[in-house]
Structures are given as C-alpha cells and as structure tokens.
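Written out below as structure tokens is the structure these notes cover.
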Amino acid sequence: MDRYGSDVLGGGTGAARPEHHRAPRVSRPQAAERGLVVEEVTTGWVGAVVRVEKSGGQHVVVLEDRHGRTRTFPLGPGFWVDGEPVRLTPPVTSTAPRAPERTASGSRAVHGARARVARGSRIWVEGKHDAELVEKVWGDDLRIEGVVVELLEGVDHLVDALRDFAPSPDRRVGVLVDHLVPGSKEARIAADALRAAPRDTVLVLGHPYVDVWQAVRPERLGLQSWPTIERGTEWKLGILRELGWPAADQADVAQAWQRILRTVRSYADLEPSLLGRVEELIDFVTA
C-alpha cells in the first residue's frame, strides 16, 4: 500500500492567493517551530524561523531568508505557510511532549522499542550528505529494522567494494546512487556491479539529481527551483554562489548543507524520486 497517497507534495506552495472579491480564508494556528518556512504577507519576506523571543513586551519571530539575512516580525496573524494563511503561535516547549504517532518517514512510530541487532545486509550511499539525509528521515525505521547505512565514498569503486563484501542471500546490499540516468557513467558502473554479483543479492537504485541536495524540495529554501549550474563548474560551489551564500571552500559547503538539512522535517520535504528509491532499498535488504 502506498503510504504517501497519490500526490505526496500536492496542494501546497503553488496555490494561487485569493482574489479581493473572494471571501478570505481563516488563518489556522501554526506553531513557529525552528526551520519552518513562512511568508510575511505585508512585506513578502520569505524565511525560515530562527527563533521566537520576547521584545518590548510581546512575542516576535525572527525569520532568516535564503541569503542569510534576518528580519523580526510580531508573532500572530499575517503569515502564509504552504500557500495557506496562518497565525503563528509560540513553539511547544513542554518538557513532556506527546510521543509522535508517525516517524519522519511516515511509518507508524514504535514507542519504547530498542534498536534491533544489525543485520548482515547493508545500504550503501555515496557520501556523508546522503547518509545524513537518510538518517534524518528514515533513521527510526532503520534502527527498528537493524539496517546499517554505510558510506561508499563515491560509486567508481562499487564493483571492488561488492567483491570485498561478498554479498549473499543473507547479506544483501542496497546501493543508492546519485545521477543514475540512462547513458551515464553511474549507469554503466551499476550494470557492471549487478553482473558481477550473485543474483538477487544486490540492488542498485538512484535518483536523477546531480547531488542529493536537489532531492530537498526547493520550496523549503524559499526557491521555485534549484538553480541550473553550467557544466565544468563544481556543482555545490556553483549553487552557493547562485544563492548568495558563502562559497570559498569546503567549510562553506558543509555549513550550507547543515542549513539545508535543518529545513527537512519529514518525507514530505523530499522529492518523490528519492522517497521511492530509499523505501525500495529498505524493503530489499529487510526481505
């Protein structure tokens, strides 16, 4: 059964605002949780919630836009979230929060369950950013299932890595590959790996993006789409320059990724082309 429904991302940021002759929609309350992207309607300022604080005897919310600039607004009505009017309220700060009914991946939460002893099977991802994104959304599920995610550090040596691992029916490997499109280098490597491995012990799946950053919905950063980077330009640095973020070295890349990762709250903030692939890999290694 498809837990995500027919359109996991539908009905959100693309909705048109009401015309003046239409009755205004009633604002719903929305906790101003850190990382929530909102728009202030009178100024058009779009930014992620950095914090809520008291100033001048009233609660205010601090929003950071995609260029790292911040502005402060009174907490309350006058904001939009995912195309709907909201009334921002202080975030819940209870010391005993109600246990979530669903994990970030949309699975039913199993409260109080201990992590399962690791299986022999593994999921391999190309790099640290891929691993951190998978952990943030599917980490609870993977611990319950006893699945370990390991870094492949690039796909070029996949055949050798599989030879060393020696997959078997009890030691399966699921591999998540960036930019796995027909005719690409990655597609050729994946085909070679599958030919070299015993049948039904390895599954290689991928998404079409140059980098896993693009699997995060651009709306989470206040963008309509991810910028297009010319060939020959290091992709991540090119993205940072397009966004107006610091782009001098790998430290800036690492800081930018953490900023992007903070905007991801659940599976709904990721593109379906990544969601389905990770779910399929988890099913494969736990079968």
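Of all the numbered requirements in (1) open to solvent by less than 30 Å² (accessible area, probe 1.4 Å); (2) part of a loop (DSSP other than H, G, I, E, B); (3) free of Cβ contacts under 8 Å to residues at least 40 places away in the same chain, residue 246 misses one, and that requirement is (1).
Would you say residue 175 is open to solvent by 40 Å² or more (accessible area, probe 1.4 Å) and under 20 Å from the mean Cα position of the chain (by Cα)? Before you say what the answer is, go through the steps one by one.
Values: open to solvent by 40 Å² or more (accessible area, probe 1.4 Å): no; under 20 Å from the mean Cα position of the chain (by Cα): yes.
Answer is no for this residue.
Looking at the range 269-278, can you tell me whether even one residue there is within 14 Å of the chain's Cα centre (by Cα), among the basic types (Lys, Arg) and outside the structural domain of residue 152 (by the TED database)? No - not one qualifying residue is present in the range 269-278. Residue 234 meets each of the listed conditions (1) surrounded by fewer than 22 Cβ atoms within 10 Å (Cβ to Cβ); (2) touching a residue at least 12 places away in the same chain (Cβ under 8 Å) apart from (2). Comparison of 47, 83, 68 shows that the only residue that is open to solvent by less than 70 Å² (accessible area, probe 1.4 Å), modelled with pLDDT of 85 or more and over 23 Å from residue 135 (Cα atoms) is 47.
Per-residue answers, yes or no, for (1) touching a Gly at 6+ places or on another chain (Cβ under 9 Å); (2) at pLDDT below 95; (3) open to solvent by less than 20 Å² (accessible area, probe 1.4 Å); (4) not hydroxyl-bearing (Ser, Thr, Tyr):
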residue	(1), (2), (3), (4)
186	yes, yes, no, yes
190	yes, yes, yes, yes
202	yes, no, yes, yes
208	no, yes, no, yes
212	yes, yes, yes, yes
230	yes, yes, no, yes
263	yes, yes, yes, no
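When 253, 285, 216, 278 are screened for being open to solvent by less than 30 Å² (accessible area, probe 1.4 Å) and touching a strand residue (DSSP E or B) at 6+ places or on another chain (Cβ under 6 Å), only 285 passes. In the range 63-84, the residues that are within 26 Å of residue 239 (Cβ to Cβ) and in a strand (DSSP E or B) reach residues that are open to solvent by less than 30 Å² (accessible area, probe 1.4 Å) and at pLDDT 90 or above with C-beta atoms within less than 6 angstrom, at least six apart or across chains, in these pairs: 70/62; 71/63.
Among residues of the range 265-275 being assigned to a helix (DSSP H, G or I) and farther than 30 Å from residue 167 by Cα, the one that is most open to solvent (accessible area, probe 1.4 Å) is 268.
Within the range 1-32, restricting attention to residues that are at pLDDT 85 or above and loosely packed, with under 15 Cβ neighbours inside 10 Å, which residue is farthest from residue 86 (Cα to Cα)? So, considering only residues that are at pLDDT 85 or above and loosely packed, with under 15 Cβ neighbours inside 10 Å, the one farthest from residue 86 (Cα to Cα) is 31. So for the range 220-232 (the condition being of a type in the set (S, T, N, Q) and either assigned by the TED database to the domain that holds residue 67 or part of a helix (DSSP H, G or I) (or both)), does at least one residue qualify? There is no residue in the range 220-232 that is of a type in the set (S, T, N, Q) and either assigned by the TED database to the domain that holds residue 67 or part of a helix (DSSP H, G or I) (or both).
The values are calculated or read from the model by the stated rules, or taken from the named source; none is laboratory data. Computed from a predicted model, the values in this text were never measured in an experiment. So basically every Cβ, Gly included, is an ideal-geometry build from the backbone, and we count neighbours across all protein chains shown. These area figures cover heavy atoms from the full protein model, side chains too; ligands, DNA and RNA do not enter into them. Shrake-Rupley method; radii C 1.70, N 1.55, O 1.52, S 1.80 Å.
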